[in-house]
Structure formats: C-alpha cells, structure tokens
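See structure below.
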Ligand code: SF4
C-alpha cells in the first residue's frame, strides 16, 4: 500500500484523539463532489511518502499522537492495508479507518486481527439510488454489509454523507435514516458540499446551487435520531453559530 499523502497532525479527524492522517490513492467510486480527483484518477501524480519515512515519523511522535487515520481514495482497495494496520498497531497507535464501505470482507479481516478503534463509513444515497451518486453500479449492498458488521461488533462508528442538492433531494434523507436505523447505525453526519474546492471529480457541481448551512441543519433536525449537520471545517452546524465537533 503506497502512501500518497501525510497530514502530520489533526485534532478533528479522529474524535477525541490527536492523530495524523495518511492518504492512499485509487477509488472504485466516482462521486461528483469528490475533492481528491488526483488521488482517485491519477495517484501516481502524487509524491510517495515512503514506509521508512512514515514509520520513522510515527516513532518520533510516540506520546504526542494517539492514533493514525487511514483515508483516501479508498484504503480497502489495497491488499496491503491489513499488514499496514498490523505495523501501526504494533507501535501502540490507535487506528481509525475512513472507507466507502465497499469491502466488508477486508474490514472484518482487519478488525478480527487488530481491533479497529474507530470507523467512518460513507453512506452516499438511498440504496435504490446509490449508483447515481457513486457512478458505479452494484455496491449499496456491500456498503450496508460493512455498516451492519461495524454496528454488530460495536466498533465506534460514524456515517458520513456529503450533501449536494443535485444529488440528494429532501425526501432521500428520511429514507437513508430509515435504512441506517435498520442496519444498527446511529451517528450520522450530513456534510456540507465544499463550494471552494479547487477541483472536483465533476467540476460542473461548483456552479450549481445547493443547500445552505441552515437548510442542512433543518434537514438533520427533521430527519431526527442521531443525525447532525457538519460544516466545511469539520465543525457541527448549530443554530447559534458553529461549534466544534468536540464540543
Ligand atoms: S468521495 Fe467518492 S470518489 Fe472520492 S474517495 Fe470518497 S468514495 Fe472515492
């Protein structure tokens, strides 16, 4: 598994923990709002962070970082992911996995060998409309399998959905909440579409009107359950301004 990016420090991405983030390339989806098209389409264009550099970095951060977030692209496309998690865990770091959920078998393998400490799984649309958002057919059942497995195992979990008005209408959120409830998932973040991104998988979305922060908040409230609206900086959207996730 080749690391294509390293963010050395984050207080937001691994709830309650100080973490670094590694990014890997490739993805089996083509979400129009994806703001990492170079990682998705052309990972070789991104400089490699060598294993030696990364594990030396981790050894120098002992005691200052709690965990490693593995993100992408889609990490579970890489056969080397379980071995990479082994190495991180052997250094006594916690692991958070960001995944689009399409490889339940690998998630199970990793969790059985090395407990996953936190998992963030994308749920991109109602199951019946999944391929319209991901532009790749036939994966909704696999994503649901991953969510159900994580819920049954009690892995601390959040579900994330990037929201754009062209892709998700207001009726879709009620359906998605019902589907997530049926899978045992609770915490669900509706993430604001990033209108300032310099490039997207589908740049035409940038000029299209979408939900305001307040509309997103109202949608989350109307849907109910453990559903929240999240702004561009990873902070929760609330009625009186914006409050950090850790609040
Ligand atoms: S946003 Fe979509 S295309 Fe981009 S990395 Fe995530 S799953 Fe893949």
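Relative contact order, whole percent, for the chain stands at 18, derived from Cα pairs under 8 Å and 6 or more residues apart.
Within the range 1-71, all pairs of alpha-carbon atoms sorted by distance into 5 Å bins from zero give the percentages 4, 16, 24, 20, 19, 11, 5, 1. Binning the alpha carbon pair distances of the range 3-243 at 10 angstrom intervals from zero yields the distribution 7, 31, 38, 20, 3, expressed in whole percent. In plain terms, the residue of 27, 34 with the fewest other Cβ atoms within 10 Å comes first and the most crowded comes last, giving 34, 27. Residue exposure proxy: 57, 173, ordered by other Cβ atoms within 10 angstrom of their Cβ from fewest to most, comes out as 57, 173.
Per the helix-only calculation at 222 nm, which mean residue ellipticity applies to the chain, given -39500 (n - 2.57) for every DSSP H run of n ≥ 4 and division by its residues, nearest 500 deg cm²/dmol?
Details: 8 runs with 79 residues, N = 247.
That comes out to -9500 deg cm²/dmol.
Bear in mind that the values in this text are calculations on the coordinates, not laboratory data. Quantities reported herein were computed from a predicted structural model and do not represent experimental measurements. Heads up, the Cβs are rebuilt from the backbone with ideal geometry, glycines too, and the neighbour counts pull from every protein chain shown.
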